[in-house]
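Bear in mind that the values in this text are calculations on the coordinates, not laboratory data. Because the structure is a prediction, the values reported are computed rather than measured. Cβ atoms come from the backbone with ideal geometry, glycine included; neighbour counts cover every protein chain shown.
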Amino acid sequence: MSKRDFHPLVKQLLDGDITIADLPAELRSEGEEALRLLAAVDRRPLQLPEVTARVMATIGDPSRRKFWRRVIEPREIRIRVRPWLLAPALAAAAALVLWLGRSGSPAPSSDLSGLVTVRFVLSAPDAHDVGLAGTFNQWDASATPLVRTGAGLWTATITLPAGEHQYAFVVDGERWVPDPAAPAVDDGFGRRNSVLTL
Amino acid sequence: MRSETEASPDGEIVRAVLAGDRERYAVLVERYRDRYARYAARMLGSADAAEDAVQDAFVRAYDQLAQCRDPDKFVGWFFLILRNRCFAERRRNRTSAPIEAANAVAAADRADGGAEQSEQRRALQHALLELTPDQREVFVLKHVEGLSYGEIAERLSTSVPSLKMRMHRAYDRLREQLREQT
């Protein structure tokens, strides 16, 4: 615990589990600092009266529906398994291993109905938690946690549809790490996303 | 008729919309629009960004309404869509200056609050934007929305101990940020 951290009892005060009167005298001043922090919380409601009309106009727009039908309707895609995906890239800090749904040698192609199971591996011995965020989970860093498997390795195995997916590892909820074992693209905001093409 | 519609349970409205009565979706938007606007504003640091996020989330929820497994729990499902939208937005804009966003939230303060209170709110909102999204979210749900740890755990499908750990890290980081600002 650094000297800048709140004392555990003060954290209980912030959580509402105890009152400031329960704190020993030497922690009263720290407790008052904590309560000032909570007093600055902005709980005022926010009203968005325009949103209803905008939402209803958007969902009622026939041209938009046509666009989404084009995007959503399944299309047949022939894919080819790239050899580099199968090469063990474990020498890198992070590695991606592709497991085909069928055992044995890799199928040369598959259609859209053939999902592919992918194992993501990250070497991060000092991490407390690691997540996988990408286009397949709306970049939600908490949606696909990796599990520590020993020797500092973190893994997650998920099934993805054929197509291109962008992703990054999220270490301790704040550090976004692209996969050095995979190609990357600029995300348009100055960072790099890894790309997986299945 | 209008009051009857407004009193209808979420599940009944969802089923009606799925059956083709699109206009009734407006009842759900009216019902939850403002309730979740505040969550989005505190997560994103700006009322304008919150408005865009809430609007997009309702449109996305409409597009995916057939995937709402339990129409009676529409609001919990909608919350997760909005949450993902807020997380993605912060990721896209993580290089933008959080001070500007915090100032934007505090700008409305000056009319209805004292200068000191306005400054404290601005400082805290600025500090909140320096947290990780996970830390900020648990703080907002508990201390802005007033949910208990148990309620948050249920909403986010996680455990109370892990939420507490996240929150306690958030407290320390907020303290550090607020001290650096003064």
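Which net charge results when you count Lys and Arg as +1 and Asp and Glu as -1 among the other residues whose beta-carbon is under 10 Å from that of A:GLY131?
Values: positive: none; negative: A:ASP129, A:ASP140, A:ASP172, B:ASP134.
Local charge sum for A:GLY131: -4.
Take B:MET43, A:MET56 and order them by how many other Cβ atoms sit within 10 Å, fewest up front.
On the way: B:MET43 26, A:MET56 18.
In order of increasing Cβ crowding within 10 Å: A:MET56, B:MET43.
For A:THR19, what charge total do you get from the other residues with a beta carbon under 13 Å from its beta carbon, if Lys and Arg give +1 and Asp and Glu give -1?
Working: positive: A:ARG28; negative: A:ASP15, A:ASP17, A:ASP22, A:GLU32.
Here the charged neighbours net out to -3.
When each pair of different Cα atoms in region B:1-96 is counted once in the 1/r mean, what is the Kirkwood radius in angstroms, to one decimal?
Values: mean 1/r = 0.0722 Å⁻¹.
It works out to 13.9 Å.
A:ALA21 to A:HIS128: extension gain in nm, 0.36 nm per residue of separation minus the Cα-Cα distance? Walk me through the numbers on the way to the answer.
Working: separation 107, 0.36 × 107 = 38.52 nm, distance 3.48 nm.
Result for the pair: 35.0 nm of gain on full extension.
Return A:TRP154, A:TRP176 ranked ascending by Cβ neighbour count within 10 Å, so the fewest neighbours appear first.
Details: A:TRP154 23, A:TRP176 18.
With the fewest neighbours first, A:TRP154, A:TRP176 line up as A:TRP176, A:TRP154.
As an exercise, use a Förster radius of 30 Å and the Cβ-Cβ distance of A:HIS7 and A:ARG175 to find the FRET efficiency, rounded to the nearest 0.05.
Details: r = 28 Å, r/R0 = 0.92.
So, using R0 = 30 Å, E works out to roughly 0.60.
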